[in-house]
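Remarks on the structure that follows.
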Amino acid sequence: MGTDLGSAPGASVPVTSSDSVSLRPSFGLDYTSELQTNFSWTKWVNLLELSAKVPLSRKFSFSLASLSAVTTDEDYLANDLQVFSNIEVWNIPFALTVAGFTWHINDRHSLFAGIRRIDEDYFCSDAMSLFTNSSCGGFPTITANCPVAVYPVSALGIHYAYDRENLAILASLYNGTGAYEFTGRYNVFRFSPQNDGLFALGQVEYRHHDSHYFLGASLYDGDLWWEDKHDMCPSIWAYAEQKLTPGLTLLAAYGHAFDSDEFCKNFCGLGATYTYKKLDFGLFSDYTRIMGIDEWATELTCNVNLTKYLSLQPVLHIIKTDGETNCIGVLCLNVSL
């Protein structure tokens, strides 16, 4: 039962603040291919992301990004609530994920307006990005509760970023319902707070000696997707990536939704990453309760950096949902140009 598609492989078009923006266009290509198995059934999922950034002047630039996804089977391998794969999705021939203008106010402040999704900027830190489970890319206290702009859907909005050596502040306001189509009721160009609601979020990041500490809050005001009811859904989250040695980082995360009728009220997780030469090891275990069902999920992964552009990542997921245990193996190929 996949309720949380709250993660993308990574933020493809970051918002930056700089007085000396390069006037050369930049282009990117990211291809992710996953072979997934529950050891009795296997499927193949592919995701292609394209991106471009075109400077219009030293103060303004235009960003564009898209995704295309193909899967051999749209059914889930496991009846999990959080979704073990952050690229798990139905077949999407083409969808815009970013399309908008950035005003580089100065070397610390920037403002983006246009189509965007929250996992371009939030929940995409170094330690979180190693893991392939969806909850590491967007805590289910947000993504399972509200139909917001998180992979694979986007929405019209504005995004502000402040960045300095030890401190980063993000603030965003989006149309409350994400979409990926170009026409119809659920099209990505739609901005209708009366019908789709509004979604606001902000985050503060503090950096100290290669450690990162995050504190954020969000507010969704709109219709809940599990019942025909308009409500306000506030939530908070915090997570820390504590560097212990040059290679070892500990990770702790917590998210809470305040409304008593929330689909998912709490999320917590603990993990660690370890880097040795071209190998990145990761272990992350989390707990959440969705629809009154408890789920424990553990991920063990190793990313092998074969070249500057190519990596191979075997993953093992052990998921216990409502007393039922599933083991999922994933072999992930990543190409980034």
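Any chance segment 232-252 includes a residue that's aliphatic (A, V, I, L, M), closer than 25 Å to Pro193 by Cα, at pLDDT below 95 and surrounded by 15 or more Cβ atoms within 10 Å (Cβ to Cβ)?
Taking segment 232-252 as the starting set, the residues that turn out to be aliphatic (A, V, I, L, M) are 232, 236, 238, 240, 244, 248, 250-252.
This time we only want the ones that are closer than 25 Å to Pro193 by Cα, so: 232, 236.
Of the ones still in play, those that are also at pLDDT below 95 are 232.
Next, from what is left, pick out any that are surrounded by 15 or more Cβ atoms within 10 Å (Cβ to Cβ): none.
No, every residue in segment 232-252 fails to be aliphatic (A, V, I, L, M), closer than 25 Å to Pro193 by Cα, at pLDDT below 95 and surrounded by 15 or more Cβ atoms within 10 Å (Cβ to Cβ).
Taking Arg58 as meeting all but one of (1) modelled with pLDDT of 95 or more; (2) under 30 Å from Ser22 (Cα atoms); (3) out of contact with any strand residue (DSSP E or B) (no Cβ under 6 Å at 6 or more places or on another chain), write down the number of the exception.
(1)
Does any residue of segment 15-23 turn out to be assigned to a loop (DSSP other than H, G, I, E, B), open to solvent by less than 70 Å² (accessible area, probe 1.4 Å), modelled with pLDDT under 70 and touching a helix residue (DSSP H, G or I) at 6+ places or on another chain (Cβ under 7 Å)?
Among the residues of segment 15-23, not one is assigned to a loop (DSSP other than H, G, I, E, B), open to solvent by less than 70 Å² (accessible area, probe 1.4 Å), modelled with pLDDT under 70 and touching a helix residue (DSSP H, G or I) at 6+ places or on another chain (Cβ under 7 Å), which makes the answer no.
What's the total number of residues in segment 260-292 that are in contact (Cβ under 8 Å) with a residue 60 or more places away in the chain and surrounded by 15 or more Cβ atoms within 10 Å (Cβ to Cβ)?
So the count comes out to 15.
Looking for something in contact with a Pro (Cβ under 6 Å, 6 or more places away or on another chain), outside any helix (DSSP H, G or I), open to solvent by 30 Å² or more (accessible area, probe 1.4 Å) and at pLDDT 95 or above - is there at least one such residue anywhere in segment 102-119?
No, the conditions are met nowhere in segment 102-119.
With the requirement that a residue be among the hydroxyl-bearing types (Ser, Thr, Tyr), touching a residue at least 60 places away in the same chain (Cβ under 8 Å) and open to solvent by 10 Å² or more (accessible area, probe 1.4 Å), what does segment 134-182 give you?
Within segment 134-182, Tyr162, Tyr180 qualify.
Picking from Val153, Val98, which residue would you name as being touching a Lys or Arg at 6+ places or on another chain (Cβ under 6 Å) and modelled with pLDDT of 95 or more?
It is Val98.
Which of the residues that make up segment 183-216 are open to solvent by less than 50 Å² (accessible area, probe 1.4 Å) and among the aliphatic types (A, V, I, L, M)?
Val188, Ala200, Leu201 - these are the residues of segment 183-216 that are open to solvent by less than 50 Å² (accessible area, probe 1.4 Å) and among the aliphatic types (A, V, I, L, M).
How do the pairs read when you match residues in segment 312-326 that are in contact (Cβ under 8 Å) with a residue 40 or more places away in the chain and farther than 22 Å from Glu34 by Cα with residues anywhere that are surrounded by 13 or more Cβ atoms within 10 Å (Cβ to Cβ) and among the charged types (D, E, K, R), using Cβ under 7 Å and keeping only pairs 6 or more apart or on different chains?
If the second residue must be surrounded by 13 or more Cβ atoms within 10 Å (Cβ to Cβ) and among the charged types (D, E, K, R), the pairs left are Thr321/Asp80; Thr321/Glu295.
So if I check each of Ala127, Ala168, which one is modelled with pLDDT of 95 or more and of a type in the set (Gly, Ala, Ser)?
Ala168
The values are calculated or read from the model by the stated rules, or taken from the named source; none is laboratory data. Note that this is a predicted model, so its numbers are computed, not measured. With ideal geometry, Cβ positions are generated from the backbone for all residues, glycine too; neighbour counts draw on all protein chains shown. The accessibility values were calculated without ligands, DNA or RNA, using every heavy atom of the protein model including side chains. Shrake-Rupley method; radii C 1.70, N 1.55, O 1.52, S 1.80 Å.
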